[in-house]
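Undergrad: So that we are looking at the same thing, I have put the structure below in structure tokens.
The values are calculated or read from the model by the stated rules, or taken from the named source; none is laboratory data. Please read these numbers as outputs of a predicted model, since none were measured by experiment. Cβ coordinates were reconstructed from backbone atoms using ideal geometry, including for glycine residues, and neighbour counts include every protein chain displayed.
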Amino acid sequence: MSKFPNIQIRDAEFPGDKEVVGQLFKAYAQSLPVSLDFQNFDHELAELPGKYASEKGGALWLLCSSAGNGDAAAMPTEGKKAGFSTARQDEQAIGCIAIRPFFTTPTTTASATLLAHSTSPPTKTCELKRLYLAPETRGLGLSKPLMEVAISHARKLGYKEMLLDTLRNMTTARKIYEGYGFEEVDSYYENPNDAVFYRLKL
């Protein structure tokens, strides 16, 4: 991160960041060669932060760039024009990542209320979601700090394992995940696409 002094990762704040998170999530979805309708994606957007809310055991981060003291050359590429404007002055959200609890059985309203007042994770398993970088910022190693903050925070919350799925032909993403120790496992939910499933023991 020291190579890019005007780039930072921060928690997404709601309701202030709901619009920019939605824009990033939509950009993520549009970058895929498949539809996310099977994940009820429109509902996820409408209900943000939804399962990513901290009180539900989730977390959502923004990767942001800013001019910083009037320095318009913050990025080594055209990254300063990438992403989406946030509610903060001179700040662009250029990426995101999130985690949410993963349940093998649906939670009830009563159990969800109890979880909101608990200091321990609602389950031992979390799921990594929505890793996205604006196209102009890719190849700069910026996925690394996003991955590290998500994994570190999951451990801090007390999760014991992290799951994720990606498309089989997304070789760059798969190399990133495997570089952090994710191992391929059997499908943990029904996905109609040619997907690969991973698990990381935390």
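Undergrad: Quick test for you: out of Leu164, Leu146, pick the one residue that is within 22 Å of Pro121 (Cα to Cα), in contact with a helix residue (DSSP H, G or I) (Cβ under 9 Å, 6 or more places away or on another chain) and of a type outside the set (Gly, Ala, Ser).
TA: On inspection, the qualifying residue turns out to be Leu164.
Undergrad: Would you point out the residue of region 150-174, among those that are of a type in the set (S, T, N, Q) and not in a helix (DSSP H, G or I), that is surrounded by the fewest Cβ atoms within 10 Å (Cβ to Cβ)?
TA: Out of the qualifying residues, it is Asn169.
Undergrad: Filter region 175-184 for residues that are loosely packed, with under 15 Cβ neighbours inside 10 Å and not in a loop (DSSP other than H, G, I, E, B) and give the result.
TA: Lys175, Glu178, Gly179, Glu183, Glu184
Undergrad: Still on this model: Any chance you could count how many residues in region 188-202 are at pLDDT 95 or above and loosely packed, with under 13 Cβ neighbours inside 10 Å?
TA: Matching residues across region 188-202 total 1.
Undergrad: Looking at region 27-46, which of the residues that are over 16 Å from the mean Cα position of the chain (by Cα) and not in a helix (DSSP H, G or I) is surrounded by the fewest Cβ atoms within 10 Å (Cβ to Cβ)?
TA: Pro33
Undergrad: Further, regarding this structure: Out of the residues in region 137-149 that are assigned to a loop (DSSP other than H, G, I, E, B) and more than 18 Å from Leu24 (Cβ to Cβ), state the one that is nearest to the chain's Cα centre (by Cα).
TA: Gly141
Undergrad: Is there a residue in region 136-148 that is more than 23 Å from Trp61 (Cβ to Cβ), modelled with pLDDT of 95 or more and either in contact with a strand residue (DSSP E or B) (Cβ under 6 Å, 6 or more places away or on another chain) or buried (at least 17 other Cβ atoms within 10 Å of the Cβ) (or both)?
TA: No: region 136-148 contains no residue that is more than 23 Å from Trp61 (Cβ to Cβ), modelled with pLDDT of 95 or more and either in contact with a strand residue (DSSP E or B) (Cβ under 6 Å, 6 or more places away or on another chain) or buried (at least 17 other Cβ atoms within 10 Å of the Cβ) (or both).
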